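> Just dropping this structure here.
The values are calculated or read from the model by the stated rules, or taken from the named source; none is laboratory data. All figures in this text were calculated on a predicted structure; none of them were measured in a lab. Note: ideal-geometry Cβ built from the backbone for every residue, glycine included; neighbour counts use all protein chains shown. Protein only, heavy atoms only, side chains kept; ligands, DNA and RNA dropped before computing areas. Shrake-Rupley method; radii C 1.70, N 1.55, O 1.52, S 1.80 Å.
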Amino acid sequence: MSQIYLVANWKANKTLPEAYDWTTKLGQASLPPAVQIVICPPFPFIPELHQLIRASALPFVLGAQDVSRFESGAYTGEVTAPMLASMVDFCLVGHSERRTNFGEDDGVIAEKVAILKKSGIEPIVCVTSEKTSIPPGATFVAYEPPEAIGSGNPEPVSKVIAVVQAVQAKGVGNVFYGGSVSRENVASFLKNAGVEGLLVGQSSLSVDEFISLAQAASF
Ligand code: PGA
């Protein structure tokens, strides 16, 4: 049984104490060893959670939800890849919420992928269909159809299979699915859709729900 990734994408939710409690509680749960959990908190929580994970030797890694397209310099408000590199293993890039609300296009996303790679962070490039451009060097891709995100209506597994295969045919080794993944449907995606991992938004906010989801992640 190979490893699968469960990515908790909290989006713009939680306070620092809530983030700390969530991570502590997850660390006390009994979880399947083949599941690698990637926690993607908002930027300000990353240092504290990094410290907690290290100090308590928790088997989780961190991811960022976004990164600057610039490496450093006069870019007020930006968080850069070199700032994140000692704390995160992964970074989401091009989530449809960023494409829609912040005008990110394929060019910006390709710049972010290049800068993350240079800093030793693995980008997880979010695509909305098999037609979305995948920048060179991207080895982790998450298929997230916008109508399935946060809607409670996940994409049918048969459709996910088709897109996963199309993305794999472009040479991408790790294809994830995201969009209304829940404890009820997690196993069907892992068993039947050929994905290497899942992005979980809404169902990652309550730690009890996320623990049940992780425990149901059989394949
Ligand atoms: P959802 O979000 O699980 O709430 O649908 C997934 C995502 O946007 O990554």
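> Could you give the size of the charge dipole of the range 28-172 about its Cα centre, using +1 on the Cβ of each K and R and -1 on the Cβ of each D and E, expressed in debye and rounded to the nearest 20?
260 debye
> What do you get when you divide the Cα radius of gyration of the range 87-130 by 2.2 N^0.38 Å, with N the number of residues? All intermediate terms of the calculation are to be shown ahead of the outcome.
Working: Rg = 10.4 Å, N = 44, 2.2 N^0.38 = 9.3 Å.
For the range 87-130, the normalised Cα radius of gyration comes out at 1.13.
> Further, regarding this structure: Taking the Cα centre of the range 84-139 as origin, sum charge times position over the Cβ atoms of Lys and Arg (+1) and Asp and Glu (-1), and report the length of that vector in debye to the nearest 20.
Numbers: 6 positive and 8 negative charges, 18 e Å.
Dipole about the Cα centre, nearest 20: 80 debye.
> I need the helices of the chain that pass two filters: whole DSSP H segments spanning 15 Å or more by Cα along the axis, and mean Kyte-Doolittle score no lower than 0.5.
On the way: long enough: 16-28 (18 Å, -0.82); 106-118 (18 Å, 0.44); 157-168 (16 Å, 1.45).
Both cut-offs are met by 157-168.
> Oh, and also: Kindly write out, for the range 121-127 in residue order, the coupling ³J(HN,Hα) from the Karplus curve 6.51 cos²θ - 1.76 cosθ + 1.60 (θ = phi - 60°), rounded to whole Hz, with x marking Gly and Pro.
Calculated HN-Hα couplings, in order: 9, 7, x, 10, 7, 8, 10 Hz.
> Between S56 and K118, what is the spin-label point distance in nm, taking each point 7 Å from the Cα along the Cα→C-beta axis?
If labels sit at S56 and K118, their model points lie 3.6 nm apart.
> Let me ask something else about it. Using amide H atoms built 1.01 Å from N in the peptide plane, name the residues 5+ places from G179, or on other chains, whose amide H lies under 5 Å from its own.
L199, G201
> At a 1.4 Å probe, what is the % contribution of carbon and sulfur to the accessible area of the range 166-219? List each step's numbers first, then the result.
Values: 860 of 1950 Å².
Percent of accessible area from carbon and sulfur atoms in the range 166-219: 44.
> Just to be sure I understand the curve: with the Debye formula and one point per C-alpha of the range 12-117, what is log10 I(q)/I(0) at q = 0.15, 0.16 Å⁻¹?
The computed values of log10 I(q)/I(0) come out as -0.69, -0.77.
> Could you work out the per residue convex hull volume over the alpha carbons of the range 56-108, in cubic angstrom?
Dividing the Cα hull volume of the range 56-108 by its residue count gives 111 Å³.
> Taking 0.36 nm per residue of sequence separation and subtracting the Cα-Cα distance, how much length would be gained by fully extending the chain between S2 and E78, in nm to one decimal? Present the calculation step by step, with values, prior to reporting the outcome.
Working: separation 76, 0.36 × 76 = 27.36 nm, distance 3.65 nm.
Full extension of this stretch gives 23.7 nm more.
> May I ask you to derive the FRET efficiency for A162 and A34 from their Cβ-Cβ distance with R0 = 25 Å, giving the value to the nearest 0.05?
My answer for the efficiency is 0.45.
> Please report, in whole Å³, the volume per residue of the convex hull around the C-alpha atoms of the chain.
Values: hull volume 25.4 nm³, N = 219.
In the chain, the Cα hull volume divided by residue count equals 116 Å³.
> So, one more: Please sort by residue number the GluC sites (Glu not before Pro) in the range 155-219 whose DSSP state is loop and whose Cβ has at most 14 other Cβ atoms within 10 Å. Numbers along the way, then the final one.
On the way: sites: E184, E196, E209; in loops: E184, E196.
Hits after loop and neighbour filter: E184.
> Separate question: Given the Cα atoms of the range 12-65, and with Rh set as the inverse mean 1/r over their pairs in the Kirkwood sense, what is Rg to Rh to two decimals?
Values: Rg = 10.6 Å, Rh = 11.4 Å.
So for the range 12-65, dividing Rg by the Kirkwood Rh gives 0.93.
> Per the Kirkwood definition applied to all pairs of different Cα atoms, how many angstroms is the hydrodynamic radius of the range 110-219?
One decimal place: 14.3 Å for the Kirkwood radius.
> With every protein chain left in place, what is the accessible area per residue of the chain in square angstrom, probe 1.4 Å? Don't skip to the end; give the middle numbers.
Values: 9570 Å² over 219 residues.
It amounts to 44 Å² per residue over the chain.
> May I ask you to list the residues of the range 35-65 whose amide nitrogen lies under 19 Å from a point 7 Å from Cα along the Cα→beta-carbon direction of T15?
Hits in the range 35-65 for T15 at 19 Å: 41-49.
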